[in-house]
1. Please specify each residue of the range 502-514 satisfying the condition of being β-branched (Val, Ile, Thr) and either closer than 23 Å to Gly285 by Cα or over 25 Å from the mean Cα position of the chain (by Cα) (or both).
2. Being in a loop (DSSP other than H, G, I, E, B) and buried (at least 16 other Cβ atoms within 10 Å of the Cβ) is the filter here; which residues of the range 212-246 pass it?
3. Considering only the range 515-584, give the strands (runs of 3 or more DSSP E) lying wholly within it that have at least 2 residues that are closer than 20 Å to Pro284 by Cβ.
4. Of the residues in the range 272-315, how many are touching a strand residue (DSSP E or B) at 6+ places or on another chain (Cβ under 8 Å), open to solvent by 10 Å² or more (accessible area, probe 1.4 Å) and more than 19 Å from Arg230 (Cα to Cα)?
5. Kindly provide the set of residues from the range 551-571 that are at pLDDT 90 or above and either among the basic types (Lys, Arg) or open to solvent by 70 Å² or more (accessible area, probe 1.4 Å) (or both), ordered by number.
6. I'm told Asp533 meets every condition in (1) touching a Gly at 6+ places or on another chain (Cβ under 8 Å); (2) at pLDDT 90 or above except one. Can you identify the failing condition by its number?
7. Which residue out of Arg558, Arg571 is more than 30 Å from Val407 (Cα to Cα) and within 32 Å of the chain's Cα centre (by Cα)?
8. Which one is farthest from Tyr77 (Cα to Cα) among residues in the range 115-126 that are open to solvent by less than 40 Å² (accessible area, probe 1.4 Å) and of a type outside the set (A, V, I, L, M)?
Amino acid sequence: MRKSTVRLLTGIVVPLLAPRASTQPSATSAPVTDIRYEVTFTRANGERRQVTSAMTFTVGGTEAVLLSIPKWTPGSYEIDNFARDVANFSAEQAGATLAWDKLDPNTWRVRPRSVGEVTVRFDYLADSLDNGNTWARPDFLLFNGTNLFPYPKGRGFDFPASVTVNTEAGWKIATGMTSSGPRRYTASNYHDLVDMPFFVGQFDLDSAQISGTWVRFATYPSGSVTGGPRVAVWEALKRAIPAEVKVFGDVPWTTYSVLQIVDPSYSGGSGLEHQNSHVDVLGPGMLGTPVLPSLYSHEIFHAWNVKRLRPSEMWPYRYDTEQPTPLLWISEGITDYYADLAEVRGGIVDANGFYTMTDDKISEVTATPPAALEDASLSTWIHPRDGTGYIYYSKGSLAGLLIDIMVRDASDNRRSLDDVMRTLYNAAYKNGRGFTSDEWWATVSKAANGKSFTDFYARYIDGREPFPYDKVLPLAGLRLAHDTAHVPQLGIASLQDSSGLHVTQVVPESSAAAAGVQPGDQLISVGGFNADDPNWTEKFRARYARSPEGSDIPVVIRRGGAEQTLTARLRFVSRVDSHLSEDPRPSAKARRIREGLLRGITQP
Ligand SMILES: [Zn+2]
């Protein structure tokens with residue numbers, strides 16, 4: 001309700017304003033046709049850490065052309081204002097310089113002198129290592145179209161465009177875009193154009209056929225993933241992708257590219273999804289850890305869930321404002337549930353591995369202040385600092401598990417959450433639209449033989465009540481045990497979510513807060529354990545479990561480019577650990593549900 005108003009207004013206001021003769025700045029660009037983009041990245045650009053973007057188009061008169069650069073990259077759910085990285089903007093027509101000024105912070109107003117071709121050109125500062133942004137090294141460039149490709153404001157996004165990349169001879173290019181000539185690529189509309197990031201330069205690249213299409217694996221720097229570790233990545237992709245394809249019965253891409261950067265300046269890892277590729281940025285400590293197959297499975301599942309099956313609030317994408325949706329827990333949390341399912345169904349982990357991943361999510365939710373999935377979904381755009389900002393990942397994943405079990409129970413294991421996902425994919429995406437909350441719950445209820453989810457929704461999705469694990473898990477022959485441990489805790493976490501964010505979270509009033517650690521600091525090490533190690537918290541707890549309360553703990557952070565060592569005082573807290581295990585004597589039905597869930601089958 002709240003959402004379609006905004007979109008309708010734009011659709012109506014734009015055509016009304018356009019013909020009006022006014023001295024007020026019009027919100028709509030003059031029409032432009034034959035749009036071409038050109039990206040220039042040489043070794044010299046790389047040394048300067050910038051890239052040059054040019055846009056050429058044809059105008060039919062002298063009316064002002066309004067060119068906007070997106071405020072965000074879809075999938076990242078934060079306003080980045082990429083226009084801030086633009087430098088040396090210029091415009092020309094037939095060799096003459098054109099006048100320009102800014103219409104708003106993200107929009108340039110260019111004044112053509114006559115009918116004909118216009119070119120605008122700018123440099124983009126490429127020093128942000130973020131998978132939604134643009135990042136250059138002397139021999140390499142990652143760029144996103146949302147950074148480098150302006151669009152004519154108010155003219156819709158259904159225009160075809162081409163991209164030519166000028167770069168050093170012998171350097172490679174990897175992208176999901178369709179090639180239409182040497183280093184030339186085309187997209188049929190702007191949404192596709194900016195949804196296909198590029199690797200340009202020197203990097204390793206190989207490919208393999210999976211589920212009947214070519215999958216490419218591009219890794220920078222050259223040599224960062226070779227030999228056994230590279231074989232292991234391919235093994236994971238060959239196991240996870242078919243398990244995900246089976247959910248939808250559809251391979252939605254003609255090729256898929258995994259674009260991966262490893263850099264020592266980055267700790268942890270993050271991925272950002274696109275329709276036929278994703279970009280991973282990893283610290284060296286992530287290589288070879290179980291986090292990687294989990295990250296790939298998550299990002300690739302997004303090719304269906306969010307890039308195609310998408311909440312109506314984000315359909316179509318727009319680039320000039322936030323697009324909050326209360327359903328992000330479906331797009332992110334349920335994607336994370338399917339990442340775990342793809343791993344167990346594909347044989348990357350066994351059932352116990354699946355239970356351990358679920359335990360971690362339950363423990364994370366238990367340790368977080370109560371937050372409704374719909375509220376956390378909406379709030380992510382402002383990055384809440386109370387610890388609930390990204391809870392829609394883990395809690396949304398657990399909601400997926402509970403709904404899956406309830407659908408299987410109510411349908412005697414004839415249907416599952418897989419049917420819900422596939423039904424909505426066909427009903428909404430295949431008909432060129434987003435899905436609504438009502439449609440989601442109606443589809444869930446129908447799959448569950450008409451069982452009502454009104455109460456479940458009110459208490460656990462819109463509401464903040466603790467999940468009913470003890471009621472639902474036994475329906476799948478599972479049980480949850482809890483034990484309380486007295487554990488050392490400083491109240492600090494370095495959180496890399498899968499949308500490209502990399503932030504330190506500090507619990508208010510905690511020992512870390514008292515030591516002066518601030519949200520946003522880059523965490524280097526805690527008590528001698530490198531924060532790049534995905535298991536540092538476990539190692540920290542084991543090392544200090546018997547130390548006296550109040551012991552000094554060195555915390556090394558980087559703030560504003562400088563490293564600092566702070567001293568925190570050791571505190572102990574009571575922590576509830578959850579352990580999911582199989583009921584050794586489940587009912588025949590519960591056993592079928594458990595096996596069906598783990599293997600991806602429905603069978604009474
Ligand atoms: Zn995600």
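1. Correct list: Val503, Thr504, Val506.
2. Those that are in a loop (DSSP other than H, G, I, E, B) and buried (at least 16 other Cβ atoms within 10 Å of the Cβ): Pro221, Ser224, Val225.
3. 522-526, 552-559
4. Residues flagged as touching a strand residue (DSSP E or B) at 6+ places or on another chain (Cβ under 8 Å), open to solvent by 10 Å² or more (accessible area, probe 1.4 Å) and more than 19 Å from Arg230 (Cα to Cα) within the range 272-315 amount to 4.
5. Selection gives Asp552, Glu563, Thr565, Thr567, Arg569, Arg571.
6. Condition (2) is where Asp533 drops out.
7. Going through Arg558, Arg571 in turn, the sole match is Arg558.
8. Looking at the filtered set, the residue picked out is Gly116.
The values are calculated or read from the model by the stated rules, or taken from the named source; none is laboratory data. Keep in mind that this is a model prediction, so the values were computed, not measured. In this analysis, Cβ positions are derived from the backbone assuming ideal geometry, glycine residues included, and neighbour counts consider all displayed protein chains. We work out accessible area using only protein heavy atoms, side chains counted, and drop any ligands, DNA or RNA first. Shrake-Rupley method; radii C 1.70, N 1.55, O 1.52, S 1.80 Å.
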